[in-house]
1. Just list whichever of Lys82/Lys274; Lys97/Lys123; Lys97/Lys237; Lys220/Lys274; Lys64/Lys245; Lys120/Lys275 have alpha carbons separated by over 26 Å in the model shown.
2. I'd like the orientation of helix 51-73 relative to the chain: the angle between its Cα long axis and the longest Cα principal axis, in ° from 0 to 90, rounded to 10.
3. Determine the gain in length on full extension of the stretch Arg87-Glu143; use 0.36 nm per residue of separation and subtract their C-alpha separation, reporting nm with one decimal.
4. Specify the angular offset, from 0 to 90 degrees and rounded to the nearest 10, of the alpha carbon long axis of helix 16-30 from the longest principal axis of the alpha carbons in the chain.
5. Of all the stretches in the chain, which is the longest one without any exposed loop site, taking GluC sites (Glu not before Pro) in a DSSP loop (any state but H, G, I, E, B) with at most 12 other Cβ atoms within 10 Å?
6. Ratio to report: Rg/Rh of the stretch 1-143, with Cα atoms as the point set and Rh obtained by the Kirkwood method; give two decimals.
7. With a sphere of radius 13 Å drawn around the Cβ of Glu90, what net charge do the other residues whose Cβ falls strictly inside it have (Lys, Arg +1; Asp, Glu -1)?
8. Enter the angle in degrees (range 0 to 90, nearest 10) between the Cα long axis of helix 234-244 and the first principal axis of the Cα atoms of the chain, meaning the one along which they spread out most.
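Derivation of every value follows stated rules applied to the coordinates shown; laboratory data play no part. This one's a predicted model, so the numbers in the text were calculated from it and none came from an experiment. Glycine gets a Cβ as well: all are built from the backbone with ideal geometry, and neighbour counts include every protein chain shown.
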Amino acid sequence: MQIRKILSGIDFGKETEKVISYSAFFAKTFNASLDLLYVIDYLMTPPMYLQSYIKEESKEAFIKLNNIKELLSKSEINTQTKILSGRLQESFQKAIKKSQADLVILGFVHHPLRRSSSEKLIKSLKIPMLVVKGKENKIKSFEDVLIKKILCPYDFSEISEKALIEAANFASLFGSELDVIHVLPEFISNKKIKKKIRYDELLKPLYEETINNILEILKKNNINANSFVYEGEPSEKIILHAKRKDMDLIVIGARGLGLIKGLLIGSVTDSVLKKSDCPVLIIH
């Protein structure tokens, strides 16, 4: 993946500091220019009596964005600021098209009862996207960002192989350790177990076959990685592995071998986004 232009969504919420830090880190690493985008989100043209409030919000955003720009310029990061008004998704699509961005970076907030703005964007933009997550106060500046352990879930789909190749490229660039995992769905074994086949007799050859298939893919793409095979619910196993090994980044295909072809984001990727403690890079 060539990253020459990065578009970062800024909302001045609690994730903003981390979004800026990761944006600066990727901009410095790839020598990319950075656009900071703030959107004044509304569904319909606001009435006249609200125009003064919108102007005030725009003015405040302009000052804050330029403060960030000045800070990043001290680190020699080519930064531009943009303020747009209108529907959130349409504003981002417009900004992506105009800037010809190669990567979008967003913070993430999940609401249990409704889709958040970040979730709506993630599910509507077909572009490589870094979704910044993590523990509070861990990242204060781009100098604090370390990506030494990368996890890539792999399910033998075309998009997951694309994600694997990108994960390997990032691992090489960052000097990171790369873990590749595949999760065998429980129903595969459960069906056969009901036929009175012993659990270990079924799973052992299945695990071995899967590991061998992964090793073949790694060899074909000249990738050096650790391989793991689990059985269970895919997103749970991905998150468990990421937590146990303290991963710094998950690189995952937008959707895998699911049944619903029209979705931009599959159910496993969606679940990983909501549960992950580390940033997630989505590959389309």
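1. Lys82/Lys274; Lys97/Lys237; Lys220/Lys274; Lys64/Lys245
2. Relative to the chain, helix 51-73 is tipped by roughly 70 degrees.
3. 16.8 nm
4. 70 degrees
5. Values: sites that count: Glu76, Glu136.
Excluding the exposed sites themselves, the longest stretch runs over 137-284.
6. Radius of gyration relative to Kirkwood radius: 0.96.
7. +4
8. 80 degrees
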